[in-house]
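Asks: My structure is below; once you've seen it, I'll send some questions.
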Amino acid sequence: MSLNMISSYNDHHRLALKLKPILVGELYLVRKLRHPVYIFKDGLFMNVIPEGSVPTKDQINALIKNLHREVYVYREDLEQIKKNLETALIKVTRSLSVGDALENGNKDLKLLSLSLGSLYQNPHNDELLMLQFQTTQNLTKFLMDNKKHQPYFFHGLAKENFHFTIGQPMLSSILLLSFLQSIHLFHDKEVENLFLASYLKDIGISLIPDMKYDIKTLTIKDKDLFSNHADFSFDLLEGRIPLSKNYLNIIKHHHFLNDRMKGIGDKDFKGNSDNEMIMGLESTLVAVFDILVAMTNDRPYRRGLSLYQSLEVIKKMMADEYPQEFKALVVFLKQFFKN
Ligand SMILES: [Fe+2]
């Protein structure tokens, strides 16, 4: 890959004003580049893919390998890419049950995640939000109809190596859906709504600056900002999607188990008594799968735990209140991850 540095200070700043970030996977949606693609490295933009070309799989993989999750393109290319992404997502959503289920499911999950990235960049865009909502709604039915392929879809998406802010909501929601389906306690409509709530619960992190995600030591102010993301999600979604207050509240309090754990370790911690009143099995399960996926995955500053180690933590969080469900969870996870 040739790296052409933009050497003049003026040229560099002129360029910075014109470039927009996209997720590197969005390069697959390029038909033909009108301008070069850049990466931002050591304070400079470097040209990595020339204008007039179509990014190849090798070029995209090389960028991912070198940890460039974002690349920079001109607005003209950006608009084309976003349009192509939307068209591709609508197309695969409409024909999910036509043809090869494995291929369709993988493609849908990948495009949906890229589109979630776009929504994070424009959280107030109603069209993008409705596209996410409706596509996810469609996906629920498809996933429920293809129960035996759920582990395949989960691992396929995990392999894409999306940043955890984009990958984790869907990964935890696939597990949630699969578990809910296995315990037969909920109607399909409830499973659908819980899947949607689980998937959309972290949308509030779009209001937190990007560079805060990957650092270990946060200031108290940063920690406050993070702990507010569930409230931000609630505020961003209320009145904009057809999800009832009950499910919006699950979103608003989806970190209640983390808070409860903090409360156990910290005598001075004042738990929110409101939380205790409304938290039922649904909220617990949404929170548990979120924590499970977070704990078992690596972060830039720590290694992920094993499934067994994570279950030890989850046991402390839910086993007293829901002993039967915890047992069912252990059996379910063993089955889901048996290969
Ligand atoms: Fe969250």
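The values are calculated or read from the model by the stated rules, or taken from the named source; none is laboratory data. Please read all numbers here as calculations on a predicted model, not as lab measurements. Cβ placement follows ideal geometry from the backbone for every residue including glycine, while neighbour counts extend to all protein chains displayed. For the accessible areas, the whole protein counts, side chains as well, though only heavy atoms, and no ligand, DNA or RNA atoms are used. Shrake-Rupley method; radii C 1.70, N 1.55, O 1.52, S 1.80 Å.
Asks: With angles folded into 0 to 90 degrees, how steeply does helix 281-296 sit against the dominant principal axis of the chain? Use alpha carbons for both and round to 10.
Replies: Rounded to the nearest ten degrees, it is 50.
Asks: Report ³J(HN,Hα) in whole Hz for each residue of region 228-240, in order, from the Karplus equation J = 6.51 cos²θ - 1.76 cosθ + 1.60 where θ = phi - 60°; Gly and Pro get x.
Replies: Running phi through 6.51 cos²θ - 1.76 cosθ + 1.60 with θ = phi - 60° gives 7, 4, 5, 5, 4, 4, 4, 5, 5, 9, 4, x, 10 Hz.
Asks: For the chain, build the charge dipole from Cβ charges (+1 Lys, Arg; -1 Asp, Glu) around the Cα centre, then report which of V313, S198, L96 sits farthest towards its positive end.
Replies: Of V313, S198, L96, it is L96.
Asks: Compare T87, T93 by solvent-accessible area with a 1.4 Å probe and give them largest first, with all protein chains kept in place.
Replies: Values: T87 85, T93 15 Å².
Ranked from most to least accessible, the order is T87, T93.
Asks: What is the magnitude of the charge dipole of region 95-336 about its Cα centre, with +1 placed on the Cβ of each Lys and Arg, -1 on the Cβ of each Asp and Glu, and no other charges, expressed in debye to the nearest 20?
Replies: That gives region 95-336 a dipole magnitude of about 640 debye.
Asks: Which ³J(HN,Hα) values in Hz, rounded to whole numbers, follow from the phi angles of region 156-170 under the Karplus curve 6.51 cos²θ - 1.76 cosθ + 1.60, where θ = phi - 60° and Gly and Pro get x?
Replies: Couplings: x, 5, 4, 5, 5, 6, 5, 4, 4, 5, 9, x, 4, x, 6 Hz.
Asks: How do R34, R302, R260 stack up against each other in accessible area, from largest to smallest, with a 1.4 angstrom probe?
Replies: R34, R302, R260
Asks: Please give the net charge around L23, taking every other residue with its beta carbon less than 9 angstrom from that of L23, where Lys and Arg add +1 and Asp and Glu add -1.
Replies: Charge balance near L23 sits at -1.
Asks: Further question on the same structure: Could you grab the relative contact order for region 95-336? Cα pairs under 8 Å, six or more apart, rounded to a whole percent.
Replies: After rounding, I find 18 percent.
Asks: Direction-averaged shadow area of the convex hull around the Cα atoms of region 1-77, nm²?
Replies: 4.6 nm²
Asks: Between 0 and 90 degrees, rounded to the nearest ten: what's the tilt of helix 101-121 against the longest Cα principal axis of the chain?
Replies: 80 degrees
Asks: A further question on this structure: Does anything in region 96-140 have its amide N under 12 Å from the 7 Å Cα→Cβ label point of K159, and if so which residues?
Replies: 103, 106-107
Asks: Measure up K107/K201; K315/K338; K32/K110; K65/K110; K148/K201; K159/K316 against 24 Å on the Cα-Cα distance and list the ones that go over.
Replies: K148/K201; K159/K316, as the Cα separations exceed 24 Å there.
Asks: In nm², what is the average projected area of the convex hull enclosing the Cα atoms of region 35-81? Write out the running numbers ahead of the final one.
Replies: Values: hull surface 13.4 nm².
Mean shadow area of the hull around the Cα atoms is 3.3 nm².
Asks: If N is the number of residues in region 1-147, what value comes out of its Cα radius of gyration divided by 2.2 N^0.38 Å?
Replies: Rg over 2.2 N^0.38 Å, computed on Cα atoms: 1.16.
Asks: Still on this structure: Please determine, in degrees from 0 to 90 and to the nearest 10, the orientation of helix 307-318 with respect to the longest principal axis defined by the Cα atoms of the chain, where the helix direction is its Cα long axis.
Replies: Roughly 50 degrees between the two axes.
Asks: So if each residue of separation counts as 0.36 nm, and I subtract the Cα-Cα distance between K327 and S95, what length gain in nm does that give?
Replies: Going from the current span to full extension adds 79.8 nm.
Asks: Average the reciprocal distances over every distinct pair of alpha-carbons in the chain, invert the result, and give the Kirkwood radius in Å.
Replies: Every distinct Cα pair counted, the radius reaches 21.3 Å.
Asks: Could you run the Karplus curve 6.51 cos²θ - 1.76 cosθ + 1.60 with θ = phi - 60° over region 189-202 and give me ³J(HN,Hα) per residue in whole Hz, x for Gly and Pro?
Replies: With coefficients 6.51, -1.76 and 1.60, one gets 5, 5, 4, 4, 5, 5, 4, 5, 4, 5, 5, 8, 5, 9 Hz.
Asks: Now a separate question. Considering only H149, H163, H184, give the residue with the highest GNM mean-square fluctuation for the chain, with springs between Cα atoms whenever their separation is below 10 Å.
Replies: Maximum among the listed residues: H184.
Asks: Okay, next question. What is region 1-77's relative contact order, in percent, from Cα pairs under 8 angstrom and six or more apart in sequence?
Replies: For region 1-77, the relative contact order is 42 percent.
Asks: Let me ask something additional. Taking a probe of 1.4 Å, how large is the accessible area per residue of the chain, in Å²?
Replies: Working: 17700 Å² over 339 residues.
Solvent-accessible surface per residue comes out at 52 Å².
Asks: Let me ask something else. GNM on the chain, C-alpha springs below 10 Å: top fluctuator among K20, K65, K315?
Replies: Of K20, K65, K315, the most mobile in the Gaussian network model is K65.
Asks: In terms of solvent-accessible area of protein heavy atoms at a 1.4 angstrom probe, what is the ranking of I174, I183, highest value first?
Replies: Output order, biggest surface exposure first: I183, I174.
Asks: Oh, and also: Report the longest stretch of the chain that contains none of the GluC sites (Glu not before Pro) sitting in a DSSP loop with at most 14 other Cβ atoms within 10 Å.
Replies: Here the longest run is 52-237.
Asks: Net charge within 13 Å of N125 by Cβ-Cβ distance, Lys/Arg positive one each and Asp/Glu negative one each, not counting N125 itself?
Replies: Around N125, the charge tally is -1.
Asks: Taking H placed 1.01 Å from N in the peptide plane, check which residues at least 5 places from S53 or on another chain put their amide H under 5 Å from its amide H.
Replies: Here the answer is L33, since their amide H atoms fall under 5 Å of that of S53.
Asks: Could you pull out every residue, at least 5 positions away or on a different chain, whose amide H is within less than 5 Å of the one on N297? Hs are placed 1.01 Å off N in the peptide plane, and Pro or chain starts have none.
Replies: L305
Asks: Search the structure for amide H atoms under 5 Å from the amide H of V48, placed 1.01 Å from N in the peptide plane, and list their residues when 5 or more places away or on another chain.
Replies: HN-HN under 5 Å from V48: V37, Y38, I39.
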